[in-house]
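The values are calculated or read from the model by the stated rules, or taken from the named source; none is laboratory data. Owing to the predicted nature of the structure, the values given are computational and were not obtained by experimental measurement. Cβ: placed from backbone, ideal geometry, glycine included. Neighbour counts: every protein chain shown. For the accessible areas, the whole protein counts, side chains as well, though only heavy atoms, and no ligand, DNA or RNA atoms are used. Shrake-Rupley method; radii C 1.70, N 1.55, O 1.52, S 1.80 Å.
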Amino acid sequence: MTQNQTVQQKSVRRNRLAAAACFAASLITVSVVGTQSATADAAAHNTARPAAAAVAAPGLGSADLVQSEDFQKGMNPVGATVALTGRQGLSACSGEETMRDLTKDKATAYASVDWTFDTHGMLIESAANAPTGTVADTWEKQLVALVQDCQDEPAGHWYYGAAHTLTVTGGTARWYPAYNGDGTASGGTAVLRSGTRVAIVDLTGQPADAPNYVEGIATAALNRLSS
């Protein structure tokens, strides 16, 4: 594949993500697929909990995903959609590839959440439970390779920065800051692993001014996945 073809493919993926972000920003309710909805006001006041409704077997559900109270000051959620299908796009670098695509439909359970904020930006998280630890190893490596594919970009394009690692009881993660073409910070992504569970969290835009907000979200997501 030529460099021009690679750049064109990544440009298409970004355009698809931008369109998805615009659509998600129009959401005004917090909803759970196949369950009763809660109001957007409840989410903005950190009372909306996608975990309250959707539970997947075995051992992976919306309670294991980022919750409204996990967001730092300045990150005010106004909408969330939870699903257990594995069909949420993985990240800004994956285009339309989903967790179900990456796992070849071999996971024992899937869970995802799509959060929007009252400022520019959105957060998506997609998780899968592998049948064995060996399979989880493979999926984790595939997710890391996917993110690293967007570390080396042509001048003027957004890109992911260097990997940072973090560990909590029962889990580890690699998180990467994201930068716009002019070098300003704008979100980031994290690949999470806890036992047979793997997940990716992708934050686009900069909904908060706190310098450590990407690390904070990655830590909160890892704690949820490891619980």
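For this structure, a couple of remarks:
- If you go through segment 187-226 and keep only what is open to solvent by 30 Å² or more (accessible area, probe 1.4 Å) and among the charged types (D, E, K, R), you end up with R193, R197, D209, E215, R224.
- Of all the residues in segment 90-116, those that are at pLDDT below 90 and crowded, with 23+ Cβ neighbours inside 10 Å number 4.
- Yes/no for Y176 being of a type in the set (F, W, Y), without any contact (Cβ under 8 Å) to a residue 60 or more places away in the chain, surrounded by 14 or more Cβ atoms within 10 Å (Cβ to Cβ) and farther than 30 Å from K106 by Cβ: no
- Odd one out for G183, checked against (1) touching a residue at least 24 places away in the same chain (Cβ under 8 Å); (2) at positive phi; (3) surrounded by fewer than 14 Cβ atoms within 10 Å (Cβ to Cβ): (1)
- Some residue of segment 129-136 being within 13 Å of the chain's Cα centre (by Cα), at pLDDT 95 or above and either open to solvent by less than 20 Å² (accessible area, probe 1.4 Å) or of a type in the set (V, I, T) (or both): no
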